[in-house]
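The structure under discussion appears below in the form of structure tokens.
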Amino acid sequence: MKIQKPIGLLFLLIVSALLFYKCQTENIANLRLGKMSIPEDNPQSEKKIELGRKLFFDKRLSPDNSISCSTCHDPKKAFTDGKKVSTGFHKRFAMRNAPTLLNVGYQKNLMFDGEIPSLEMQAVVPLKDTAEMANEMKELIQKLKAIPEYQKSAKEIFNRDFDAYVLTRSLSAFQRSLLSYATPYDAFMSGNKKAMTPSAERGWQIFSEKLYCTACHVPPHFTNFKTENNGLYSDYTNIEDKGRFRIHGDSTEIGSFKVPTLRNITKTSPYMHDGSFRTLNDIIDHYAKGGNLHKNQSSVIQPFNLTKSEIKDLINFLNSLSD
């Protein structure tokens with residue numbers, strides 16, 4: 001017993017330190033990003049997040065056990081996959097480029113069309129999409145329910161058998177835990193004036209004051225959470241993916257896609273909903289010419305000129321948004 005007492009004390013100290021650290025990091029996240037809106041019917045818990053994490057990385061979520069959620073949303077690539085469009089079940093190509101999941105819990109609407117209002121509803125889409133995981137949900141649930149670990153967790157956390165409710169709520173809880181708020185930009189805005197280089201500071205001024213990119217990429221999330229036509233193409237007649245138009249059939253929404261976050265942008269190439277731009281210079285060139293002048297193009301997009309030095313500063317600022 002004499003030996004166990006200091007061990008017990010050490011354990012309590014470690015637990016206390018971890019709880020303090022968790023509380024502090026949550027406070028910092030709230031200060032820098034704002035308080036996340038959590039659905040009343042799906043409150044966060046450590047056990048639920050852990051179950052969601054296991055499911056997220058489990059290839060058994062696909063019919064032939066070949067791909068998981070992390071196949072298209074790789075943590076090493078800021079939860080993207082580095083491809084123009086993702087490759088799903090049986091090597092089929094997904095419709096669009098895989099967006100980052102970092103800070104996805106703050107998104108007001110999901111998917112590039114902005115048509116899905118919650119992570120709980122969105123979780124079903126890639127699971128069923130024939131170009132992604134191509135599941136029959138009834139068969140998938142029976143498959144996962146038969147895994148003792150998942151069935152036990154469902155009973156313990158949700159007091160029910162493993163079902164679609166457990167699956168979607170757990171995946172959503174895990175995704176809400178994926179936060180990015182410790183960038184040089186964040187430290188700079190919190191008072192550490194040495195966190196950003198002088199070049200990045202100049203780039204921030206160009207971004208926010210000269211070009212007014214903040215009209216669409218609003219800090220701290222660097223998105224306005226809206227769908228916009230950014231003039232990517234001048235004509236969508238022969239382009240299959242017409243953006244939000246496919247939801248309502250409204251011609252004013254042709255070419256309208258959700259404005260992506262710029263956080264971790266240096267880690268999430270290629271860019272645009274179809275992965276058509278490989279580099280940050282490609283993006284700058286597109287906007288410098290004023291887009292391709294589609295009839296629905298946002299009026300915010302206007303031509304501009306930057307020197308080579310200013311372009312370098314702007315890119316250095318965008319680098320400062322990487323966690």
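The values are calculated or read from the model by the stated rules, or taken from the named source; none is laboratory data. Predicted model only: the values in this text are computed from it and were never measured. Note that each Cβ is placed from the backbone with ideal geometry, even for glycine, and that neighbours are counted across all protein chains shown. These area figures cover heavy atoms from the full protein model, side chains too; ligands, DNA and RNA do not enter into them. Shrake-Rupley method; radii C 1.70, N 1.55, O 1.52, S 1.80 Å.
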Mean separation of Cα contacts under 8 Å, 6 or more apart, over the residue count of the stretch 121-244: relative contact order % | 10 percent
With axes computed from alpha carbons, what is the tilt in degrees of helix 148-158 against the longest principal axis of the chain, rounded to the nearest 10 within 0 to 90?
-> 80 degrees
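Residues with beta-carbon under 14 Å from that of Gln107, excluding Gln107: net charge, scoring Lys, Arg +1 and Asp, Glu -1? Write out the running numbers ahead of the final one.
Values: positive: Lys108, Arg176, Lys226, Lys258, Arg263; negative: Asp113, Glu115, Glu120.
Computed value for this residue: +2.
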Restricting to the chain, what percent of DSSP beta bridges are antiparallel, rounded to 5?
-> 90 percent
Work out from phi, with θ = phi - 60° and the Karplus expression 6.51 cos²θ - 1.76 cosθ + 1.60, the ³J(HN,Hα) of each residue of the stretch 228-239, listed in order in whole Hz, and give x for Gly and Pro.
-> 9, 8, 9, x, 4, 10, 7, 8, 9, 3, 9, 9
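On full extension of the chain, what length is gained from Glu209 through Asp161, given 0.36 nm per residue of separation minus the C-alpha to C-alpha distance?
On the way: separation 48, 0.36 × 48 = 17.28 nm, distance 5.44 nm.
This chain segment gains 11.8 nm when fully extended.
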Mean separation of Cα contacts under 8 Å (6+ apart) over length of the chain, as relative contact order % | 19 percent
Sum of -39500 (n - 2.57) over DSSP H runs of 4+, divided by residues of the chain (222 nm, nearest 500) = -11500 deg cm²/dmol
For the chain, shape from the Cα gyration tensor axes a ≥ b ≥ c, cut at a/c of 1.5 then a/b versus b/c, turns out oblate
Out of Arg202, Arg169, Arg244, any idea which swings most in a Gaussian network model of the chain, alpha carbons joined below 10 Å?
-> Arg202
Net charge (Lys, Arg +1; Asp, Glu -1) of residues whose beta-carbon lies under 10 Å from that of Asn97, Asn97 excluded, is +1
So if we plug the beta-carbon distance of Lys83 and Glu139 into 1/(1 + (r/R0)^6) with R0 = 30 Å, what FRET efficiency do we get, rounded to 0.05?
-> 0.60
Nearest-10 value in Å² for the accessible area of His90, using the 1.4 Å probe = 120 Å²
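Solvent-accessible area per residue for the chain at a 1.4 Å probe radius, Å²?
Computed with neighbouring chains in place, this is 53 Å² per residue.
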Quickly work out the Asn292-to-Lys91 label distance, labels modelled 7 Å from Cα along the C-beta direction, and quote it in nm with one decimal.
-> 2.9 nm
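Which of the GluC sites (Glu not before Pro) found in the stretch 60-138 are loop residues per DSSP with 13 or fewer other Cβ atoms within 10 Å of their Cβ? Can you show the working numbers first?
On the way: sites: Glu115, Glu120, Glu132, Glu136; in loops: Glu115, Glu132, Glu136.
The qualifying sites are Glu136.
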Keeping all protein chains in position, work out how much accessible area Tyr185 exposes to a 1.4 Å probe, and write it in Å² to the nearest 10.
-> 10 Å²
